[in-house]
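Please treat every number below as a calculation from the coordinates, not as lab data. The structure presented is a predicted model; accordingly, all values stated were derived computationally and were not measured. Glycine also receives a Cβ, built like all others from the backbone with ideal geometry; neighbour counts cover every protein chain displayed.
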Amino acid sequence: MPDEAVIAGIRKNIEAYEAARASAVRQVRWRVPLFVGLVLVAVAVIAWLFNKVADPHEQWFSTPHVFLYVIGFAVSILVYFRARKPATRLQQSFRETLMPIIFGFIGDMRYQHDLTPNSFDRLPRETVGGASMSRFDDIISGRYDGFAFELYEADLWDGASTKTKATTFKGVIVAFEAIEPFPGILVATRRTNAVMGFFRGMFASKMQDLSSGVPELDAAYEFRTDNVEAARPLVTGRLAQALKWLGETWPDDPARVALNGGDGFLLLPQPKNFFELPEISVPLDYTRHVAPMISDMGAMLATASLVRKIGAKDEIG
């Protein structure tokens, strides 16, 4: 956690945010009803005009009417988010200012938003079930405990749209430099569901199954690699130790681990948005909203630091 001087600086920034937040709340309060109201009035006027030419038995419910209502509903949603723009713009701006301050323990810290992380292309796709679609929120990169990392919130799924999507992973991914490069690919992921099983079959000739020899781990995880000789001592040794520890600290949905050459990946399934600010109508409080962000970040990076030692030649300490 930051020292008192850093916390004082954070509180000053919160005070500035609170002043701007009050202004944004006032804007949103009149913009939303005005913007959406104008759309509804326009729809009502056009629907009334349609009644002039519609069959008397289809007043308000003819095919053109229904089509108009659908269009009006879609436009209302777009206008609603447009009306809230001052609030979303303020929150994103404040997040960009706040992140480097609260995460002062991260060296060379860089914050990005809504982009594809640099390390994502190197993540073995079997770890996330071969997801064909992706969306990323906050991305934080830098150096921690002597290693470079990239941490990002990811929503990965199969399917052409969010309506038909089959989620393969939702949570935080931490990509980090391996202490010793692994000569190939090694993944430890949760037991196969239908989507992941199909994807795994596509790579059956390349990837082979391994067993850790620990019944509870083998019941929860699948271990797959394209280099059995190099992977076996890790799967039966340090990787098994790390996964048992992760099972105690991340019990709800098994954490996943992947090694790909000089890159390591820790995947922490979690529906929570770790770096989300409260709704614009809620005053921002350091203890309730900011301190948990710092604690969560420290815990995730410390966990990645431990997992990083899986491939090291020296003992885990």
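Specify which residue in the list Phe120, Val25, Ala230 is farthest towards the positive end of the charge dipole of the chain, using unit charges on the beta carbon of Lys, Arg (+1) and Asp, Glu (-1), about the Cα centre.
It is Val25, whose Cα lies furthest towards the positive end.
To make sure I understand the rule: partners must be aspartates and glutamates, Cα under 20 Å from the Cα of Lys309, and not fewer than 8 residues away in the same chain. Which ones qualify?
Asp145, Glu150, Glu177, Glu180, Glu229, Glu248, Asp263
With the radius of gyration and the Kirkwood radius both derived from the Cα set of region 1-128, what is their ratio Rg to Rh?
Rounded to two decimals, Rg/Rh equals 1.24.
Just to confirm the filter: which chymotrypsin sites (Phe, Trp or Tyr not before Pro) across region 40-113 are DSSP coil and have at most 16 other Cβ within 10 angstrom of their Cβ?
Taking region 40-113 and a limit of 16 other Cβ atoms within 10 Å, the loop chymotrypsin sites (Phe, Trp or Tyr not before Pro) found are Trp60, Phe61, Phe105.
By how many nm would the segment from Tyr69 to Asp55 grow when fully extended, if each residue of separation counts as 0.36 nm and the alpha-carbon distance is taken off?
Length gained, Tyr69 through Asp55: 3.3 nm.
Taking Cα atoms of region 237-317, Rg/Rh with Kirkwood Rh, to two decimals?
In region 237-317, Rg relative to Rh is 1.08.
Using the alpha-carbon atoms, what tilt in degrees (0 to 90, nearest 10) does helix 291-308 show relative to the longest principal axis of the chain?
Here the helix axis deviates by roughly 40 degrees.
In terms of Cα to Cα distance under 16 Å, which aspartates and glutamates are near enough to Lys85, apart from those fewer than 8 places away along the same chain?
Glu279
In region 232-292, which trypsin sites (Lys or Arg not before Pro) fall in coil by DSSP and have 14 or fewer other Cβ atoms within 10 Å?
Lys272
Using bins 20 angstrom wide from zero, how does P(r) for the chain break down, in % of all Cα pairs?
27, 44, 23, 5, 0
Which residue, Gln92, Gln59, Gln27, has the most motion in a Gaussian network model of the chain that connects Cα atoms within less than 10 Å?
Gln59
Among Leu40, Leu277, Leu267, determine the one that fluctuates most according to a GNM of the chain built with springs between C-alpha atoms less than 10 Å apart.
In the Gaussian network model the winner is Leu40.
Tell me, what is the percent relative contact order of region 243-317, built from C-alpha pairs under 8 Å that lie six or more residues apart?
Reported as a whole number, the value is 18 percent.
On a 0 to 90° scale, report how tilted helix 63-83 is relative to the longest principal axis of the chain, with both axes built from alpha carbons and the result rounded to the nearest 10.
Its long axis makes an angle of about 60 degrees.
Could you give the angle, 0 to 90 degrees to the nearest 10, between helix 4-51's Cα long axis and the longest principal axis of the Cα atoms of the chain?
40
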